[in-house]
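*Asks:* Below are the structure tokens for one structure; questions will follow.
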Amino acid sequence: MKLVIGGYGQGKLQYVLRKYQLEETAVWDGVLPEEKEIQTKGVVVNHFHQWVRQSLLQGKSPEDMARAFVERHGDCIIICDEIGNGIVPVEAFEREYRERTGRILIQLAKEAEEVERVICGIGQKIK
Amino acid sequence: MMILVIGGSGSGKSDYAEELACSLAGEEHSTKYYLATMRIFDEEGRRKVERHRARRSGKGFLTMEQPVRIGDALSQMETGKKVVLVECISNLTANEMFAGPRIRTKEEVAESILKDMERLREKAAHMVVVSNQLCEDGMVYEKATMDYIDAVGKINRALAARADRVVEMVAGIPVLVKQEGGRG
């Protein structure tokens, strides 16, 4: 599994598609696809943070689901926005969302064979 | 040596800073001080402090609660070699700015915190400072909050200029931003 992190609008998806020569059809936007839905070579999960947010809103455990997904799809690429570098949100849910997204990323980064950070469309390999 | 550790929420910066402080102290048998700046207002704050305390337990830190005037912690420290971990600048800045009877200006706050940090740095064998990047959510807040972001930014810049090493935590991975005197 490869993890790609970076701020909003930094060109993460484009970077990934170009680097790994993948088609848009391999991209899942804000969802973790079911096995049977995947018909392409390579799986890219874009806007991973939005999936975390949705899972939390639905009272699910994104930690467990993400772990299981990565175990099943060892060759996937996960793209996530950096959302932790701001003012502490006033709302408790927003704080929880930020913190848990960060913790999940730490876990994914540990398991990843490669972690890249994209700034201004440029990938920086940090692991 | 002074090391500045920056990072977002849930980036693993506290764990990393503690490890750094331990390894710096381990080499020289210094006393490790943990200067905690968070004020507890509610259950969430209490849980956070508990989590940090549990993680630190067994690592041999002497914890000092210093939500404002961080330099005053010096008067309660023993003589001898010390490693000081400050956690964290963004909380300290918020306290210094908003906790008094009136809101203090960003210039005033940055100046007094930097002065305090310099006092600590002079006395400590090693210092590890934790801070946040607050400036990357692209939001525009009301003036008091923008002033606060400015103050933290100014303090971070000054500390980074002073620091021997600056590390940014990204998903638990330390990314080297600055290293004085070649590789560390």
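The values are calculated or read from the model by the stated rules, or taken from the named source; none is laboratory data. A quick note: this is a predicted structure, and the numbers were derived from the prediction, not measured. Every residue, glycine among them, receives a Cβ derived from its backbone with ideal geometry; neighbour counts consider all protein chains shown.
*Asks:* Filter region B:99-147 for residues that are under 18 Å from the mean Cα position of the chain (by Cα), part of a loop (DSSP other than H, G, I, E, B) and within 14 Å of chain A (Cβ to nearest Cβ); which is surrounded by the fewest Cβ atoms within 10 Å (Cβ to Cβ)?
*Replies:* By that ranking, first place goes to B:Cys135.
*Asks:* Let me ask something else. Among the numbered criteria (1) within 14 Å of chain A (Cβ to nearest Cβ); (2) surrounded by fewer than 17 Cβ atoms within 10 Å (Cβ to Cβ); (3) not charged (D, E, K, R), which single criterion is violated by B:Ile89?
*Replies:* (2)
*Asks:* Taking the condition of being within 14 Å of another protein chain (Cβ to nearest Cβ), in contact (Cβ under 8 Å) with a residue 24 or more places away in the chain, over 21 Å from B:Gly153 (Cβ atoms) and not hydroxyl-bearing (Ser, Thr, Tyr), how many residues in region B:1-47 meet it?
*Replies:* Going through region B:1-47 one residue at a time, the tally reaches 3.
*Asks:* Quick check: anything in region A:73-90 free of Cβ contacts under 8 Å to residues at least 60 places away in the same chain and charged (D, E, K, R)?
*Replies:* Checked region A:73-90: no residue is free of Cβ contacts under 8 Å to residues at least 60 places away in the same chain and charged (D, E, K, R).
*Asks:* Another one. With respect to B:Glu96, is the statement that it is in a strand (DSSP E or B) and buried (at least 17 other Cβ atoms within 10 Å of the Cβ) true? Outline the logic, then answer.
*Replies:* Values: in a strand (DSSP E or B): no; buried (at least 17 other Cβ atoms within 10 Å of the Cβ): yes.
So B:Glu96 does not fit the description; no.
*Asks:* Filter region B:148-157 down to residues that are over 13 Å from the mean Cα position of the chain (by Cα) and of a type in the set (A, V, I, L, M) and give me whichever is surrounded by the fewest Cβ atoms within 10 Å (Cβ to Cβ).
*Replies:* Filtering region B:148-157 for residues that are over 13 Å from the mean Cα position of the chain (by Cα) and of a type in the set (A, V, I, L, M), the one surrounded by the fewest Cβ atoms within 10 Å (Cβ to Cβ) comes out as B:Ile149.
*Asks:* Based on this model, can you work out whether A:Glu116 counts as surrounded by 15 or more Cβ atoms within 10 Å (Cβ to Cβ), at the interface with chain B (Cβ under 9 Å from one of its Cβ atoms) and of a type in the set (Asp, Glu)? If you could, list the steps in order and put the result at the bottom.
*Replies:* Working: surrounded by 15 or more Cβ atoms within 10 Å (Cβ to Cβ): yes; at the interface with chain B (Cβ under 9 Å from one of its Cβ atoms): no; of a type in the set (Asp, Glu): yes.
No.
*Asks:* Sticking with this structure for a sec: Please go through region A:61-109 and pick out each residue that is more than 12 Å from chain B (Cβ to nearest Cβ), acidic (Asp, Glu) and farther than 15 Å from A:Trp51 by Cα.
*Replies:* Scanning region A:61-109 gives A:Glu71, A:Asp75.
*Asks:* If A:Lys110 passes every condition in (1) more than 24 Å from B:Cys135 (Cα to Cα); (2) in contact with a Gly (Cβ under 9 Å, 6 or more places away or on another chain); (3) crowded, with 21+ Cβ neighbours inside 10 Å but one, which one does it miss?
*Replies:* (3)
*Asks:* Okay, moving on. Does A:Lys60 satisfy being of a type in the set (Lys, Arg), farther than 30 Å from B:Asn91 by Cβ and in contact with a Gly (Cβ under 9 Å, 6 or more places away or on another chain)? Outline the logic, then answer.
*Replies:* On the way: of a type in the set (Lys, Arg): yes; farther than 30 Å from B:Asn91 by Cβ: yes; in contact with a Gly (Cβ under 9 Å, 6 or more places away or on another chain): no.
Here the answer is no, as A:Lys60 does not meet what is asked.
*Asks:* Search region B:158-174 for residues that are more than 12 Å from A:Ile126 (Cα to Cα) and pair each with any residue that is polar (S, T, N, Q) when their beta-carbon atoms are under 6 Å apart and the residues are at least 6 apart or on different chains.
*Replies:* Short answer, once both residue conditions are applied: B:Arg165/B:Gln179.
Results for (1) acidic (Asp, Glu); (2) touching a helix residue (DSSP H, G or I) at 6+ places or on another chain (Cβ under 8 Å); (3) modelled with pLDDT of 95 or more; (4) crowded, with 20+ Cβ neighbours inside 10 Å, shown as yes or no for each residue.
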{"site": "B:Ala17", "(1), (2), (3), (4)": "no, no, yes, yes"}
{"site": "B:Ala21", "(1), (2), (3), (4)": "no, no, yes, yes"}
{"site": "B:Gly26", "(1), (2), (3), (4)": "no, no, no, no"}
{"site": "B:Ser30", "(1), (2), (3), (4)": "no, yes, no, no"}
{"site": "B:Lys48", "(1), (2), (3), (4)": "no, no, no, no"}
{"site": "B:Gly58", "(1), (2), (3), (4)": "no, no, no, no"}
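*Asks:* Please verify whether region B:29-46 includes one or more residues that are part of a loop (DSSP other than H, G, I, E, B), of a type in the set (Phe, Trp, Tyr) and closer than 27 Å to A:Asn85 by Cβ. Walk me through it before giving the result.
*Replies:* Taking region B:29-46 first, the residues part of a loop (DSSP other than H, G, I, E, B) are B:29-30, B:37-42.
Those left that are additionally of a type in the set (Phe, Trp, Tyr): B:41.
So of that shortlist, the ones also closer than 27 Å to A:Asn85 by Cβ come out as B:41.
Looking through region B:29-46, at least one residue is part of a loop (DSSP other than H, G, I, E, B), of a type in the set (Phe, Trp, Tyr) and closer than 27 Å to A:Asn85 by Cβ.
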